[in-house]
Amino acid sequence: MYEIERKFLVNKEKWNPVGAGTTMIQGYLSTDAERTIRVRVAGENAFLTIKGKPVGIKRIEMEYEIPVTDAVVLLELCENTPVKKTRYLEKRGEVVWEIDVFKAENSGLLLAEVELKSEDQEVELPVWIEKEVSNDPRYFNSYLTQFPFNTW
């Protein structure tokens, strides 16, 4: 029910993808400051996700698997251009890092996220981590649909 997540910029020169990754496309039915409603197609699966307003690195998150055909229709109702990316997973110690390589209007952006069990959980940062951006709303995917990285 709650997501506790830290987000980081990735140094492209120090990180190498492991595996093929999962292609994703996601759009937002709502990007209201109090809540976001996301539709995501990830490989052969699709999800509807509702997230509350972040309080530090913690926020409410509820995610439901939906039929891909429904997700494709919902993506057409989204407010702005959907985000396209490939996600790679890397297990390091007790955590799994999600590394997103953005495409299209957000090409050139690489972000890593790690979900934690508590807000004060210690996590060892891989060598390819460049800078923490957990509290910078410009790096939220919902922001990137409105203001793509290539326009900054």
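For Glu79, are the conditions met, namely being in a loop (DSSP other than H, G, I, E, B), of a type outside the set (Val, Ile, Thr) and under 19 Å from Lys7 (Cα atoms)?
no
Kindly indicate which of Thr49, Thr145 is of a type in the set (Val, Ile, Thr) and farther than 22 Å from Tyr2 by Cβ.
Thr145
Can we say Glu63 is free of Cβ contacts under 8 Å to residues at least 24 places away in the same chain, within 14 Å of the chain's Cα centre (by Cα) and either more than 22 Å from Pro126 (Cα to Cα) or loosely packed, with under 15 Cβ neighbours inside 10 Å (or both)?
yes
Evaluate the following for Thr49: is it surrounded by 18 or more Cβ atoms within 10 Å (Cβ to Cβ), of a type in the set (S, T, N, Q) and at pLDDT 95 or above?
no
Looking at segment 97-133, which of its residues are of a type outside the set (A, V, I, L, M, F, W, C) and in a loop (DSSP other than H, G, I, E, B)?
Matches in segment 97-133: Lys103, Ser107, Gly108, Lys117, Ser118, Glu119, Asp120, Gln121, Glu122, Glu124, Pro126.
Looking at segment 6-21, which of the residues that are crowded, with 16+ Cβ neighbours inside 10 Å and over 14 Å from Arg59 (Cβ atoms) is farthest from the chain's Cα centre (by Cα)?
Trp15
Inside segment 94-120, can you point out the residues that are modelled with pLDDT of 95 or more, surrounded by fewer than 14 Cβ atoms within 10 Å (Cβ to Cβ) and not hydroxyl-bearing (Ser, Thr, Tyr)?
If the condition is that a residue be modelled with pLDDT of 95 or more, surrounded by fewer than 14 Cβ atoms within 10 Å (Cβ to Cβ) and not hydroxyl-bearing (Ser, Thr, Tyr), then Val96, Gly108 are the ones that fit.
The values are calculated or read from the model by the stated rules, or taken from the named source; none is laboratory data. These numbers were taken from a predicted model, which means no experiment stands behind them. No Cβ is skipped: glycine too gets one built from the backbone with ideal geometry, and neighbour counts run over all protein chains shown.
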